[in-house]
Amino acid sequence: MLRANADGSRVVLRDVARVELGSQSYSFVSSENGKPAAFAGVQLAPGANAVKTAAAVRERLKEAGKAMPAGISYSIPFDTSPFVQISIEKVLHTLVEAMVLVFLVMYLFLQNVRYTLIPAIVAPVAMLGTFTIMLATGFSINVLTMFGMVLAIGIIVDDAIVVVENVERLMTEEGLSPKLATSKAMKEISGAIVGITLVLTAVFIPIALASGSVGVIYQQFTLSMAVSILFSALLALTLTPALCATMLKPIAPGNHEKRGLFGWFNRRFERMTRSYESRVGRLVGRTGRVMLLFVAISGALVIGFRMLPSSFLPDEDQGYFMTSVLLPADATAERTQDVVGTLQRHLASRPAIQSSVSIVGYGFSGSGPNAALNFAVLKDWDRRGDATNSNENTRAQQAMASVTEGSVMSLLPPAIDELGTSSGFTLRLQDRANHGDEALKAAQAKLLELAAKSDIVTGVYPDSLPAGASIHLEIDRPKAEALGVSFTSISETLSAAIGSTYVNDFPNAGRMQQVIIQADASARMQINDVLKLYVRNAGGGMVPLSEVIRPVWSESPLQLTRFEGYPAARISGSAAPGHSSGAAMAEMERLAARLPSGFTVEWTGQSLQERQSASQAPMLMALSMVVVFLVLAALYESWSIPLSVMLVIPLGLIGALSAVLLRGLPNDVFFKVGMITVIGLSAKNAILIIEFAKQLREQGKGLAEAAVEAARLRLRPILMTSLAFGLGVVPLMIATGVSAETQHAIGTGVFGGMVTATILAVFFVPVFFVFVMSIQERIAAWRATHRKSAAVRQEQGS
């Protein structure tokens, strides 16, 4: 840029040969680690692969770097793809750990390598089938789908375990050959496998109907889990029996006795089974007391859900944080740069910070010389010790607390890219009664004052550019006309001096560059400087602007925000330590209720998604349970069997709720996914017992006898499958490092639900069966008696 000097009479251009070329625009000034830099941002197209795109950009820059002039180099200081890549790698490690634990459980119970190999063969086949369907439907391998696969790994081996365990039991107890044992086993458990599959698949269908970004998250889980479960059932009915018939060897009489560790385990398990059978026998004789206890557990579940804090998604350590700088409206870029320099010096002193990228002139609140934005990127997770983006974010906020020039807010990134600009909550304070700008500003100030006194929210600030002084130049048109000064001349002079005017291009070092005229900064800092500028009149003379212009000062907003058609103010903030985002949102609504009538708040960004997910969740869970009931009713052509199964659901949910409460986790999206999973798994355990009890009842055994016998026969496969699944999610529950918070949110609730869905269900389900079937049989008997009496009365009447 060529600058112009005002000498009081004319504008003289400097000699091009003796000036330094400047930037084409001074609207933005960017730097990396305090050094001048030019930035280019790369944004993914919809459906693009983040990791592949980042690799392609790096490869292209490597080629372009060879042609860069001396003293200029490139760097990639800010890249979100490593977090994606490392997260997926972490989940893959979790998946491997889960598979190892699952197979160890199978080997402990089955105590034979051949028996263990069959589910080990089936599981990868089911996973490959799932990946094939995902590819065909346009889904990608990402963190969400891989989390779904981690949850599914314990489920997809369940059907194979049930088949293998029943075959092994028949071979041991009845001395059948592998083929005969397989044939008989499939006749006994095919119905249970179909029922389990239908339940586990149907329970996920309603959550795929959720809308918004939450719906996308639910769909990832739905596809990965439902498809893997369907493949598991298909293989359990086809491949697994074939493997059992061909791979297993006949068990000679007496050879099923084990020694050593397996012998000790079998003896202990047999003793536990006899004790369990005795206890169940006593419980089915006291159905009334057990059902009262069940009602108490259900009541505790309702109370617990009301106590559980709500949230949207856990805040993960994504490897960076942001700092927004906002000075008063009349602050210059130099003042803003000084504040940014203070921040950069702090970040340079932190050993965990790898790079710092600053942009002066741009911020989340808007653009202007008083705004700036900084991205602080931490070193790789394995190179920064115990440092996290949350800790470094807090340190940066503390370091800048002494800055009095303006507002400096350090922020964590949003849980989902493009869904807002930072973590925490965002809202719009609306003026629905049209009170006016001054009333809206007063209401905003009042809300910020109330929020500052609250212990539940913190860092609440106006997310917009502050209002500032403005100057309205009034032209004395009669005097200007008398002096021969046209309005056009005045406008062009002001535009060129204060803004800039493009003149032409000139060649420089083989490139064409622009000539732009603008007054030096020192000649336009004050209004008096501007009034000293001269404008040419019609006679060719020079007239100072002060002769024809009078400045009028006023205060006006730099931004006018409307939301849903109403005047609004943008406000952002975060939950205080120890409080959930749901509690913070409720607190802001409570504080807003103290404002004058006509002012209300509306949520935006991820806060809006959190509110929508909270409102959708109860309906989706209820719909999932209704779908499960209808599927079972269609399968068994009865209302009693489905009801017996559905009663077990609170027993699983109470464990999930207790686990997250004990660990201090909120009710977020991933916990809701875990609850849906627990509903399906709880029903699965109930089906295994009730299906056998139903068969024994049809064979003529008494109601209580059939329930106790079915519970004894199904205890082993229930414990096997539950332990396999429970241990499969343990790596999620104890995860550390990248994406640990998300893994905790998923694994904790599911593990707790699986514990109670197993321990409580094996005692309560036989009681449920006896209780519901006795009611059903009484109703049937009453109907039969009623029909018989009606027939007798009809005969007597005739």
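Worth pointing out:
- Straight-distance crosslink candidates among aspartates and glutamates, where the alpha carbon sits under 18 Å from K446 and sequence neighbours closer than 8 are dropped: D431, D437, E438, D455, D463, E587, E589, E602
- Computed from the C-beta positions of L630 and A442, the FRET efficiency with R₀ = 51 Å rounds to 0.40.
- Taken along its principal axes, the alpha carbon cloud of the stretch 665-719 reaches lengths of 48, 18, 14 Å, longest axis first.
- Residue-wise HN-Hα couplings along the stretch 604-612, as the Karplus relation 6.51 cos²θ - 1.76 cosθ + 1.60 with θ = phi - 60° gives them from phi, are 9, x, 6, 5, 5, 5, 5, 5, 5 Hz; Gly and Pro carry x.
- Calculated FRET value between R432 and Q559, using beta carbons and R₀ = 25 Å, to 0.05: 0.80
- Sequence-ordered 3J(HN,Hα) estimates for the stretch 337-344 from the Karplus curve with 6.51, -1.76 and 1.60 and θ = phi - 60° stand at 5, 5, 5, 5, x, 4, 5, 5 Hz, glycine and proline given as x.
- Projected label points at N537 and M525, each 7 Å from Cα along the beta carbon direction, are separated by 3.2 nanometres.
- Total charge dipole magnitude, the chain, about the Cα centre, Cβ charges on Lys, Arg, Asp, Glu only, Debye to nearest 20: 2700
- Computed from Cα atoms, the angle from the helix 113-136 axis to the main principal axis of the chain rounds to 40 degrees.
- Note on the chain: dipole from Cβ charges, positive end direction compared against F139, Q794, V102; the farthest Cα belongs to Q794.
- Adding -39500 (n - 2.57) for every DSSP H run of four residues or longer, then dividing by how many residues the chain holds, sets the calculated 222 nm ellipticity at -19500 deg cm²/dmol.
- Per-residue extension of 0.36 nm, minus the Cα-Cα distance of R477 and K187, leaves a gain of 94.3 nm for this segment.
- Spin-label model distance (nm) - D386 vs Y74, 7 Å beyond Cα toward Cβ: 4.0
- Length released on extending from R267 to S489, taking residue separation times 0.36 nm less the Cα-Cα span: 69.5 nm
- Hull volume per residue, based on the alpha-carbon atoms of the stretch 440-489 and their convex hull, is 115 Å³.
- Crossing angle, helix 287-307 versus the chain [Cα axis fit, 0-90 degrees, rounded to tens]: 10
- Derived scalar couplings ³J(HN,Hα) [the stretch 566-579; Karplus, 6.51 cos²θ - 1.76 cosθ + 1.60; whole Hz; x for Gly, Pro]: 9, x, 8, 10, 8, 9, 10, x, 9, 6, 5, x, x, 10
- Most tightly packed first, judged by the mean number of other beta-carbon atoms within 10 Å of their residues, the peptides 454-461, 294-301, 194-201, 758-765 read 194-201, 758-765, 454-461, 294-301.
- Among 261-271, 528-538, 394-404, the peptide with the highest mean count of other Cβ atoms within 10 Å heads the list, and the full ranking is 528-538, 394-404, 261-271.
- Candidate values (1) 33.1; (2) 34.2; (3) 31.8, label of the one derived for Kirkwood radius over Cα pairs in Å: (3)
- Net length available on complete extension from Q514 to L209 is 104.2 nm, with 0.36 nm assigned per residue and the Cα-Cα distance removed.
- Above 21 Å, the calculated P(r) of the stretch 664-798 contains 56 percent of its Cα-Cα pairs.
- Between F305 and A790, the distance separating the two model label sites (each 7 Å from Cα on the Cα→Cβ line) works out to 3.9 nm.
- Listed residue (F487, F39, S454) projecting farthest to the positive dipole end of the chain, Cβ model: S454
- Our summary of shape: the Cα atoms of the stretch 476-544 have principal axis extents of 50, 27, 15 Å, ordered from largest down, in whole angstrom.
- At 1.306 mPa s and 10 °C, Stokes D of the stretch 142-290 from Kirkwood alpha-carbon radius, µm² per second: 87
- Residue list for the stretch 680-715, given a label point 7 angstrom along the Cα-to-Cβ vector of E174 and an amide N cut-off under 14 Å: 696
- Packing-based ranking of 342-351, 70-79, 361-370 yields 361-370, 342-351, 70-79, ordered from highest to lowest mean Cβ neighbour count within 10 Å.
Coordinate-derived values only; no laboratory data. Since the model is a prediction, treat every value here as computed from it, not as a measurement. Virtual Cβ from ideal backbone geometry, glycine too; neighbours counted across all protein chains shown.
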